[in-house]
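*Asks:* The structure that follows is given in the form of structure tokens.
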Amino acid sequence: MRRRRLPLPGAHPLSFAPSVPAGATLDEAATAWADMPGAAVLLPVGRSFDVLEVAEAAGRHALARLERMGVPLGPVALAPHGRALFFVAPGAAAELPQLLYRMGWDDARLDLRGLGLGDHITAPPSDHAGLGPMRWLLPPTLDTAGRPPEARLLLGTLAYVCHRSGGV
């Protein structure tokens, strides 16, 4: 019997786990979590936000540069396997190749990928696939959680820093 390959551990919902819709009350979320104690909370990507993912060192460097430049930022999460996740406006993952082309980064080997519709990320402080907790490098605020920035505002700096840090 062939084994079906599963998506990345900690990056997909379990079919039998309860789903908590956006806007659920704290009591509703607590009830769902009580049914699955210790379960990681996953956020569906592609609806309210997409993610630009880079190596942690590049992400920290880019974040410092972007903050100095005054670029509006959304939340930034850190995964225990050494990746930084920049929350950006939905649609960025699908547009990423075209955006990189227009910025002249299409032929560079960059350790940068987009996560979009159909992907999930583990929400901090949940455990990510048994590797440790997700953390916030830049936590969401009331202002940033609902309106992540357009990817094009961050992408030039992210691509530059990824390129300078050695590509792939």
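*Asks:* Which members of region 109-133 meet the condition of being at negative phi, of a type outside the set (S, T, N, Q), in a loop (DSSP other than H, G, I, E, B) and in contact with a Gly (Cβ under 9 Å, 6 or more places away or on another chain)?
*Replies:* If we filter region 109-133 for residues that are at negative phi, which is where we start, we get 109-117, 119-128, 131, 133.
Next, only the ones that are of a type outside the set (S, T, N, Q) stay: 109-117, 119-121, 123-125, 127-128, 131, 133.
From the residues that got through so far, the ones that are in a loop (DSSP other than H, G, I, E, B) too are 109-111, 116-117, 119, 123-125, 128, 131.
Correct list: Arg109, Leu110, Asp111, Gly116, Leu117, Asp119, His128, Leu131.
*Asks:* Here's another thing I want to ask about it. Could you check, for region 121-138, whether at least one of its residues is among the aromatic types (Phe, Trp, Tyr) and surrounded by fewer than 16 Cβ atoms within 10 Å (Cβ to Cβ)?
*Replies:* Checked against the condition, which is being among the aromatic types (Phe, Trp, Tyr) and surrounded by fewer than 16 Cβ atoms within 10 Å (Cβ to Cβ), region 121-138 yields at least one hit.
*Asks:* Mind counting the residues in region 28-59 that are at pLDDT 85 or above and in a helix (DSSP H, G or I)?
*Replies:* So the answer is 4.
*Asks:* Looking for something under 17 Å from Glu56 (Cα atoms), out of contact with any strand residue (DSSP E or B) (no Cβ under 6 Å at 6 or more places or on another chain) and of a type in the set (Val, Ile, Thr) - is there at least one such residue anywhere in region 140-149? Even if it seems obvious, please write down each step before you answer.
*Replies:* Going through region 140-149, the residues under 17 Å from Glu56 (Cα atoms) turn out to be none.
Within region 140-149, none of the residues are under 17 Å from Glu56 (Cα atoms), out of contact with any strand residue (DSSP E or B) (no Cβ under 6 Å at 6 or more places or on another chain) and of a type in the set (Val, Ile, Thr).
*Asks:* So which residues in region 73-132 are among the β-branched types (Val, Ile, Thr) and touching a helix residue (DSSP H, G or I) at 6+ places or on another chain (Cβ under 9 Å), if there are any at all? Break it down into steps so the answer makes sense when it comes.
*Replies:* Within region 73-132, the subset among the β-branched types (Val, Ile, Thr) is 76, 88, 121-122.
Within region 73-132, Val76, Val88 meet the criteria.
*Asks:* Look at region 60-108 and say how many of its residues are assigned to a helix (DSSP H, G or I) and of a type in the set (Asp, Glu). Don't jump to the end; show me each part of the working.
*Replies:* Taking region 60-108 and keeping what is assigned to a helix (DSSP H, G or I), we get 60-69, 92-102.
From what is left, the residues that are of a type in the set (Asp, Glu) are 67, 95.
Count: 2.
*Asks:* Step by step: first the residues of region 70-88, then only those that are within 11 Å of the chain's Cα centre (by Cα) and in contact (Cβ under 8 Å) with a residue 60 or more places away in the chain, then the one that is surrounded by the fewest Cβ atoms within 10 Å (Cβ to Cβ). Which residue is that?
*Replies:* Pro75
*Asks:* While we're on this one: Given the conditions (1) among the β-branched types (Val, Ile, Thr); (2) within 14 Å of Leu155 (Cα to Cα); (3) at pLDDT below 95, which single one is not true for Thr144?
*Replies:* Result: Thr144 fails condition (2) only.
The values are calculated or read from the model by the stated rules, or taken from the named source; none is laboratory data. It should be emphasised that the depicted structure is a prediction, and the values quoted were computed from it without experimental measurement. Cβ: placed from backbone, ideal geometry, glycine included. Neighbour counts: every protein chain shown.
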